[in-house]
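> Let me begin by handing over the structure; questions about it come next.
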Number of protein chains: 2
Amino acid sequence: MTGSVRDDVALGALGESLGFLLRLSQLESFRDFYHGLGDLGMRPGEFSVLMLIAENPRIRQGVLAKKLMIKRAHMTKMVQAMEAEGLVGRSVPEDDKRSIELHLTKAGHARIAAMRTPFEAHEARNLTRLSDAELAEAKRLLKKYLGLPE
Amino acid sequence: MTGSVRDDVALGALGESLGFLLRLSQLESFRDFYHGLGDLGMRPGEFSVLMLIAENPRIRQGVLAKKLMIKRAHMTKMVQAMEAEGLVGRSVPEDDKRSIELHLTKAGHARIAAMRTPFEAHEARNLTRLSDAELAEAKRLLKKYLGLPE
DNA sequence: GCAAGATAGTTTCCTAGTAGACAAAATTGC
DNA sequence: GCAATTTTGTCTACTAGGAAACTATCTTGC
């Protein structure tokens, strides 16, 4: 994708490996995320945590971790950090004393709002690599791969 | 994808984010890799290093790192470990005393051979989630996204 | 009702991977 | 030809994320 050095390297069977292609694509996508939103001091994983809490007020920490494929231990650390930063509030639900429910604070909502435009720009930049139809199809296929509803 | 807990969580805008879907898919794919090949004591990244060296004998370490989107520092560590393990040999090319060329040892080739069947099984398991045509299309789209030749 | 089993979050330790700095060697620009 | 700049691999310090162990709480099976 840049320069001729890369084009001289034969991928062999790896070039036909979905896992490999997914890995490279993910790295590429995250690189673009950091490029466009890195100044806002938030990593992709943290952003997805905030977004999901916003979309699902009072979601339980473990449920969130599972949905985002983040390990519980790490989710604890992330949430604690975001609580300390004032973005997230935590509470213990009455019906399950083991759990933690999460909600966004005003600052959390403001953070998300601040990231909206750069995030959309990040997403739009996908169209420099794929057409509108191809992008839609890629998303559809990935959702199917993941077993997510359309 | 398992249980009803996950289905109750709304993804919102994230569900339409290519980067997010790529991330989850990559995690999923790697999980399957570890499930099928974890016993062989090799991680996806290491496997891809060995494969690419096999496919490109005498490839330079930095070229390899760039192709696999692995940072130079980490590539050094990985290659040193594999050299210590007897899988990879290193040499300094005559025309560039700064560089390191890599080649597979007999043991390296044997390692790859031992991983062939489980790797192919790992790839084949993609067909439990996508059809033949969908899998081919997904790969095509990812390659296009990455700017790789077909 | 109660013990056994499972779950939820936490803490600590560990690892995979990165950033930054550096020296040696190659390349570039004049 | 030569100084300035860039490249290549290495090492060290750091970080993002996971594994394992643990406690408190809930659920299940009898």
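The values are calculated or read from the model by the stated rules, or taken from the named source; none is laboratory data. These figures come from a predicted structure and were not determined experimentally. Neighbour counts run over all protein chains shown; Cβ positions are idealised from the backbone, glycine included. Surface areas here come from the heavy atoms of the whole protein model, side chains and all, with no ligands, DNA or RNA. Shrake-Rupley method; radii C 1.70, N 1.55, O 1.52, S 1.80 Å.
> Given the rule -39500 (n - 2.57) for each run of at least 4 DSSP H residues, summed and divided by the residues of chain A, what is its mean residue ellipticity at 222 nm, to the nearest 500 deg cm²/dmol?
-18500 deg cm²/dmol
> Set the Förster distance to 25 Å, then compute FRET efficiency between B:Arg125 and A:Arg140 from the Cβ-Cβ distance, nearest 0.05.
So, using R0 = 25 Å, E works out to roughly 0.80.
> Another one. Looking at the protein assembly as shown from every direction and averaging, what is the projected area of its Cα convex hull in nm²?
Its Cα hull, projected and averaged over all orientations, spans 17.4 nm².
> Would you mind pulling out the separation of the Cα centroids of segment A:18-60 and segment B:88-150, in Å?
First find each Cα centre; the distance between them is then 26 Å.
> List the aspartates and glutamates whose Cα sits under 17 Å from the Cα of A:Lys66, skipping any in the same chain fewer than 8 residues away.
A:Glu46, A:Glu55, A:Glu101, B:Asp7, B:Asp8, B:Glu28, B:Asp32
> If you don't mind, there's one more thing I want to ask. Over the whole of A:55-68, what's the average partner chain Cβ count within 10 Å per residue? Rounded to a whole number, please.
Rounded to a whole number, the mean comes out at 3.
> Of all the accessible heavy-atom surface of segment B:76-150, with the other protein chains kept in place and a 1.4 Å probe, what percent is carbon and sulfur?
Solvent-exposed carbon and sulfur of segment B:76-150 make up 54 percent of the total.
> To one decimal in nm, how far is B:Arg43 from the same spot in the other copies, if labels go 7 Å from Cα toward Cβ? Please give the shortest first.
Label point to label point, same position, other copies: 1.4 nm.
> Looking down the axis that turns A into B, which residue of A has the closest beta carbon, and how many Å out?
Spelled out as residue then distance in Å, it is A:Gln26, 2.
> Using a 10 Å cut-off on Cβ to Cβ distances, tally the other chain neighbours for every residue of B:134-141 and report the average as a whole number.
6
> Let me ask something else about it. If you take each beta carbon of peptide A:24-35 and count the beta carbons of other chains within 10 angstrom, what is the mean?
Across A:24-35, the average partner-chain Cβ count within 10 Å equals 6.
> Next question, about the same structure. Evaluate the distance, in nm, between pseudo-label points positioned 7 Å from the Cα of A:Lys106 and of A:Glu85 along their respective Cα→Cβ axes.
2.0
> Tell me the trypsin sites (Lys or Arg not before Pro) within segment A:57-113 that lie in a loop according to DSSP and have at most 16 other beta-carbon atoms within 10 Å.
Those satisfying the criteria are A:Arg58, A:Lys71, A:Lys97, A:Arg98.
> Ok, one more. With the crude spin-label approximation of a point 7 Å out along Cα→Cβ, what separation in nm comes out for A:Lys77 versus A:Ala114?
Placing both labels 7 Å beyond Cα along the Cβ direction yields 2.4 nm.
> Would you tally the net charge around B:Met51, using a Cβ to Cβ cut-off of less than 12 Å, leaving B:Met51 out, and scoring K and R as +1, D and E as -1?
Around B:Met51, the charge tally is 0.
> Have a look at A:Ala65, A:Leu102, A:Val88 and report the one farthest towards the positive end of the charge dipole of segment A:17-146, computed about the Cα centre with Cβ charges (Lys/Arg +1, Asp/Glu -1).
Ranked along the dipole, the leading option is A:Ala65.
> Taking each label point as 7 Å beyond Cα in the direction of the beta carbon, state the distances from B:Leu127 to the same residue in the other copies, shortest first, in nm.
Once sorted, the set of distances for B:Leu127 reads 3.7 nm.
> While we're looking at this one, here's another question. With chain A treated as a Gaussian network of Cα nodes joined by springs under 10 Å, which of A:Ser48, A:Ser91, A:Ser17 yields the largest mean-square fluctuation?
It is A:Ser17.
> State, in angstrom, two size descriptors of segment A:17-146 derived from its alpha carbons: Rg to one decimal place and Dmax to the nearest whole number.
That works out to 16.3, 49 Å for Rg and Dmax.
> Tell me the per residue accessible area of segment B:6-146 using a 1.4 Å probe; a whole number in Å² is fine.
49
> Run through the other copies and list how far each one's label point is from that of B:Arg98, in nm with one decimal, shortest first; the point sits 7 Å from Cα along Cα-Cβ.
For B:Arg98, the other copies' label points sit at 5.7 nm, shortest first.
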